[in-house]
1. Which value at 222 nm does the chain reach when only helices count, each DSSP H run of 4 or more adding -39,500 (n - 2.57), with the total divided by all residues and rounded to the nearest 500 deg cm²/dmol?
2. Could you give the Stokes-Einstein D for the chain in µm² per second, using the C-alpha Kirkwood radius, 20 °C, 1.002 mPa s?
3. Could you work out how far helix 55-79 tilts from the main Cα principal axis of the chain, as a 0 to 90 degree angle to the nearest 10?
4. Count of lysine pairs in segment 36-193 with Cα atoms under 16 Å apart, counting only pairs 8 or more residues apart in sequence or on different chains?
5. With +1 assigned to the C-beta of every Lys and Arg and -1 to the C-beta of every Asp and Glu, and no other charges, what is the dipole magnitude of segment 48-203 about the Cα centre in debye, to the nearest 20?
6. Helix 190-202 versus the longest principal axis of the chain: what is the Cα-based angle in degrees, 0 to 90, to the nearest 10?
7. Relative to the first principal axis of the alpha-carbon coordinates of the chain, what is the inclination of helix 86-99, with its axis defined by its Cα atoms, in degrees from 0 to 90 and to the nearest 10?
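What follows draws every value from the coordinates through simple rules; no lab data is involved. Here the structure is a predicted model, which means the values were calculated and not measured. All Cβ positions, even for glycine, are placed from backbone atoms using ideal geometry, and neighbour counts span all protein chains on display.
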Amino acid sequence: MPKGSPQLKASRKEEIINACEKLYRTMSFKDITLKEISVETSFSRPSIYNYFQTKEEIFLALMQREYSKWAEEMNTLRDENEEMSVSSFADSLASSLEKHEQLVKLLAMNHYDMEENSRPKRLTEFKLAYGASLDAVRGCIKKFFPETDCEGFIFVLFPFLFGVYPYSVATEKQLCAMREAGIDFTMHSIYEMIYSCVIRLLK
């Protein structure tokens, strides 16, 4: 690819996002630096600034990509089915988000700081992907459950997703602290939590 070509730029951006995603599987947001990300790429840290100005912009791009992939799956679900039962739709939606665990994990982060430290253009690109995911779920609800309050469903489900990861994934340190505090708790999977929420909203 020619130097500076749109294809090269897109490839470089994708490589940076992939590096961030790889690190985020084993490291926390605060421990990941631009230097750490650059080590996972084929080019130098200064080159990253040609595509992203902050670490937060890279994470925002990762979340944008995850929202886009999820929206595509929801649109496919709508287009490939004439009708769905409550339980089959809840299963499909919960399975899809369980597969996108990275998105669910990202949703548990502090979005205010991430968005504040991103340029308006990057933030707008992210909001477009987020809006597409809202529309994809709306499309499913309107087609399969026309009697349901679609906006009511959306504005319960999406805020609910922000809290799923902390209630489904805990470190040994967190579990130990809850035991020491005498808290009676049961961890549930991402699938179980989302499935239960969707069932309740549609019934």
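1. On the way: 12 runs with 145 residues, N = 203.
Estimated from H runs of four or more residues: -22000 deg cm²/dmol.
2. On the way: Rh = 18.7 Å.
Here the translational diffusion coefficient equals 115 µm²/s.
3. 40 degrees
4. Values: 55/121; 69/99; 69/105; 69/127.
Within segment 36-193, the lysine pair count is 4.
5. On the way: 17 positive and 24 negative charges, 65 e Å.
Computed about the Cα centre, the dipole is about 320 debye.
6. Result, in degrees: 50.
7. 20 degrees
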